[in-house]
Amino acid sequence: MRHKALYIAAAFGTLLMFAHACKKENRGGTGGFRTDPVTLSLPPGFPEPVYNFSGNPLTKQGVALGRFIFYDYRLSKDSTVSCGFCHQQFAAFGHFDHALSHGVGGQQGTRSVPTLFNMIWQKEFMWDGGVNNLEIQPLTPLTDHKEMGVDLQQLLKKMQGDPKYRQQFSAAFGTEEVTSERMFKAITQFVGTMISGNSRYDSIIRKVPGAAFSPDEAVGYTLYQQKCAACHKEPLFTDLSYRSNGLPYLPALNDVGRMKITSNTADYLKFKVPSLRNILKSSPYMHDGRFFDIYQVFDFYDHGVKDTITTDALVRKGVSLTDQQKRQLYLFLNTLTDYTLINNKDLSEILIEP
């Protein structure tokens, strides 16, 4: 019953429970300034989050500001790209229709767009772990010339000159002052509410009455445990490690993976293990988006793995799958789709007027 109670909010399309009984005075001490605190409902059975909001308390006003920033295309260099432009809710905040990221001026990046859900359980970000703080993670896409392409100081001036931003910063932080710290804290608050832990799989694991795998899904779950779980561990369905899965190197992209960050040859072609949650909604797959269909991924592991000096021992000899097993594994992976996340109106795009 305790687990069921925790997920009443999720059943109505939200993972947030707003504390209306009291209003918490802001820590800034600005003479009566108050905000509405938000309690984040965490999925039962999940580990303790890495990011705990102790230095960035969740508030209704902070989340609202972060959401506004996330979907504001005006913040990019040519006013065409927002965070939400690449991180699409229907694709579990990945990017469905492009293999590689793309941004202002039609420029194309060198990696696929990673999903954003369950970020508060991660201590490092990007495919290569090049960012190790959730609050500063947005700095990279904002300033990368192939993504949003803005100068940070110019961006802050632009926001400071907008009455809507001044109003929202005042509501969230007590004054109209726009700073990078406040901006990043607000984005973090919004992104931190993107939690995926309410799929049909979760209902089955929590023994919700009436929830059960079909016979083929049950076999698929066993196949997952035998062939996938070593890297894609429950309940996050990733161990957040960096591994080379034997994906052949693409000279055109010249992407050496985590070695770019560590300068250690042992990290050559190693990338972060992605979550399998919402996997059927978040194609394309792999760090370079080379596969648009999950069956291409199955085929790759079955007979396409390239054995190099850094290829992980778990997949070096491939992961054999018959056609029937591929279908059964597909059916299990489908149970990991979290429609609460995908359809949550509190996370959906908002209209930003010019």
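When the stretch 216-257 is examined, which residues are found to be among the acidic types (D, E), under 24 Å from the mean Cα position of the chain (by Cα) and open to solvent by less than 70 Å² (accessible area, probe 1.4 Å)? Once the filter is applied, which keeps residues that are among the acidic types (D, E), under 24 Å from the mean Cα position of the chain (by Cα) and open to solvent by less than 70 Å² (accessible area, probe 1.4 Å), the stretch 216-257 yields D239, D255.
Residues that are under 26 Å from the mean Cα position of the chain (by Cα), under 29 Å from T80 (Cα atoms) and open to solvent by 70 Å² or more (accessible area, probe 1.4 Å) are absent from the stretch 258-266 altogether. Per the listing K158, K227, the residue uniquely modelled with pLDDT of 95 or more, touching a Lys or Arg at 6+ places or on another chain (Cβ under 9 Å) and either more than 27 Å from D36 (Cβ to Cβ) or of a type in the set (A, V, I, L, M, F, W, C) (or both) is K158.
Inside the stretch 200-230, residues that are over 17 Å from D338 (Cβ atoms) and of a type in the set (K, R) make up a count of 2.
Is one or more of the residues making up the stretch 296-307 aliphatic (A, V, I, L, M), more than 24 Å from the chain's Cα centre (by Cα) and closer than 27 Å to P215 by Cα?
Going residue by residue through the stretch 296-307, those that are aliphatic (A, V, I, L, M) are 297, 305.
Next, only the ones that are more than 24 Å from the chain's Cα centre (by Cα) stay: 305.
Those still in the list that are closer than 27 Å to P215 by Cα too: none.
Checked against the condition, which is being aliphatic (A, V, I, L, M), more than 24 Å from the chain's Cα centre (by Cα) and closer than 27 Å to P215 by Cα, the stretch 296-307 yields no hits at all.
Residues in the stretch 319-351 that are open to solvent by 10 Å² or more (accessible area, probe 1.4 Å) and assigned to a loop (DSSP other than H, G, I, E, B) were compared, and the one that is nearest to F85 (Cα to Cα) is E349.
Please verify whether S275 is part of a loop (DSSP other than H, G, I, E, B), open to solvent by 20 Å² or more (accessible area, probe 1.4 Å) and hydroxyl-bearing (S, T, Y), treating the condition exactly as stated. Even if it seems obvious, please write down each step before you answer.
Values: part of a loop (DSSP other than H, G, I, E, B): yes; open to solvent by 20 Å² or more (accessible area, probe 1.4 Å): yes; hydroxyl-bearing (S, T, Y): yes.
Taking the combined requirement at face value, the residue satisfies it.
Against the condition touching a strand residue (DSSP E or B) at 6+ places or on another chain (Cβ under 8 Å), of a type outside the set (F, W, Y) and in the same structural domain as V315 (by TED's automatic domain parsing), how does S244 come out, does it pass? Spelling it out, S244 is indeed touching a strand residue (DSSP E or B) at 6+ places or on another chain (Cβ under 8 Å), of a type outside the set (F, W, Y) and in the same structural domain as V315 (by TED's automatic domain parsing). Of all residues in the stretch 110-141, those satisfying the criterion of being farther than 19 Å from I342 by Cβ, open to solvent by 30 Å² or more (accessible area, probe 1.4 Å) and not polar (S, T, N, Q) are R111, K123, E124, M126, W127, G130, E135, I136, L139.
Just need a number here: residues in the stretch 200-224 that are part of a loop (DSSP other than H, G, I, E, B) and more than 22 Å from T39 (Cβ to Cβ).
To start, the set of residues in the stretch 200-224 that are part of a loop (DSSP other than H, G, I, E, B) comprises 206-214.
Among the residues that remain, those that are also more than 22 Å from T39 (Cβ to Cβ) are: 207-214.
Here the count works out to 8.
Residues in the stretch 219-258 that are among the small types (G, A, S), closer than 26 Å to Y201 by Cα and without any contact (Cβ under 8 Å) to a residue 12 or more places away in the chain: A229 alone. The set of residues in the stretch 142-177 that are free of Cβ contacts under 8 Å to residues at least 24 places away in the same chain, closer than 26 Å to M126 by Cβ and either among the aromatic types (F, W, Y) or open to solvent by less than 70 Å² (accessible area, probe 1.4 Å) (or both) contains only T143. Among residues of the stretch 95-109 being open to solvent by 60 Å² or more (accessible area, probe 1.4 Å) and assigned to a loop (DSSP other than H, G, I, E, B), the one that is modelled with the lowest pLDDT is D97.
The values are calculated or read from the model by the stated rules, or taken from the named source; none is laboratory data. On a predicted model such as this, the values are computed, not experimentally measured, just so you know. Neighbour counts are summed over all protein chains in view; Cβ atoms, including those assigned to glycine, are modelled from backbone coordinates with ideal geometry. Just so you know, the surface numbers come from the protein's heavy atoms only, side chains and all, with ligands and any DNA or RNA stripped out. Shrake-Rupley method; radii C 1.70, N 1.55, O 1.52, S 1.80 Å.
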